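To start, the structure under review is shown below, and the notes come after it.
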């Protein structure tokens with residue numbers, strides 16, 4: 001039995017992907033123009049503001065990016081003195097990443113823009129709708145292990 005093509009206006013993975021791709025692309029253009037960093041560098045700084053002195057693997061686990069993208073971003077941030085890296089005291093094969101004072105200052109400037117972009121994105125939602133949306137997103141995120149384990153017949 002032939003399947004109908006996806007209705008891209010109703011297929012949730014496509015809607016989420018399109019939204020996040022367009023948000024990321026717009027953020028990257030804005031952040032490069034005004035702050036000299038791209039979206040991946042921003043995600044690294046944002047993660048380090050929450051949890052500093054961590055491994056690149058930890059950053060990747062939380063922000064959902066592959067290790068090579070994280071490593072490239074760390075290299076750029078380190079060259080510009082926004083982060084520093086240290087060999088892990090417990091495992092010399094690993095290193096940890098920390099935000100510097102210069103990186104913190106950059107983070108704080110970009111954060112103002114990031115929060116304004118979020119405010120505009122959610123401007124048509126009530127506080128209650130925003131809370132429901134956040135709950136839905138967390139619930140979808142909790143299903144990712146099952147979703148990513150699907151194997152075709």
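Tabulated data
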| read-out | value |
| --- | --- |
| Burial ordering of 41, 116, fewest other beta-carbon atoms within 10 Å first | 116, 41 |
| If the convex hull is drawn through the Cα atoms of the chain, its volume per residue in Å³ | 168 |
| Exposure proxy ranking, count of Cβ atoms within 10 Å, fewest first, for 134, 39, 70 | 134, 39, 70 |
| Ranked 95, 31, criterion: other C-beta atoms within 10 Å, fewest first | 95, 31 |
| The chain: calculated mean residue ellipticity at 222 nm from DSSP helix runs of at least 4, using -39500 (n - 2.57) | -21000 deg cm²/dmol |
| Span from the region 131-153 Cα centroid across to the region 53-129 one, whole angstrom | 24 |
| Principal-axis tilt of helix 12-35 within the chain, Cα atoms, nearest 10 degrees | 30 |
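Coordinate-derived values only; no laboratory data. In this text the structure is predicted, and so the values were computed from the model without any measurement. Virtual Cβ from ideal backbone geometry, glycine too; neighbours counted across all protein chains shown.
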